[in-house]
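A.B. asks: Structure in structure tokens, see below.
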Amino acid sequence: MRPMYLREVENKPAEEGPYAKTVAAIRASGAPVPQILHLFAYKPKATVHFERFSQAVMRDPSPLSPGLRELIAAFTSARNQCPF
């Protein structure tokens, strides 16, 4: 699957917000910035809810261990040809 390119999102400098330092450090290292971080940096007020939801699903008490949940997520991402 080809990644989607959203010029306005990916080219906007992440100058402020909770993800700015992370995006800047990744860019400075020369590594590609994961696309989900572009979205988080572009709309941090909107994505904070997604971040909280994801953490709750992956880390809150559950019959499945956090490691097994991570394995399921990694397997699903691989099946979807998603590197994230």
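Just so it is clear, none of the values below were taken in a lab; they were calculated from the coordinates. Quick caveat: nothing in here was measured; it's all calculated off a predicted structure. Methodologically, a virtual Cβ is constructed for each residue, glycine included, from the backbone with ideal geometry; neighbour enumeration extends over all protein chains shown.
A.B. asks: Pop a pseudo-label 7 angstrom from the Cα along the beta-carbon direction at both residue 27 and residue 8 and give the gap in nm to one decimal.
C.D. replies: Rounded to a tenth, the inter-label distance reads 1.9 nm.
A.B. asks: Also: For region 7-79, what is the charge dipole size about the Cα centre, in debye to the nearest 20, if Lys and Arg each add +1 at the Cβ and Asp and Glu each add -1 at the Cβ?
C.D. replies: Here the size comes out at about 60 debye.
A.B. asks: What order, most packed first, do the peptides 35-42, 17-24, 69-76 have when packing is the mean number of other Cβ atoms within 10 Å of each residue?
C.D. replies: Final packing ranking: 35-42, 17-24, 69-76.
A.B. asks: Let me ask something additional. Which FRET efficiency value, to the nearest 0.05, is calculated for residue 43 and residue 64 with the Förster distance at 25 angstrom and r the Cβ-Cβ distance?
C.D. replies: Computed FRET efficiency for residue 43 and residue 64: 0.25.
A.B. asks: Next up: Can you give the FRET efficiency to the nearest 0.05 for residue 77 and residue 52, using r as the Cβ-Cβ distance and R₀ = 30 Å?
C.D. replies: 0.90
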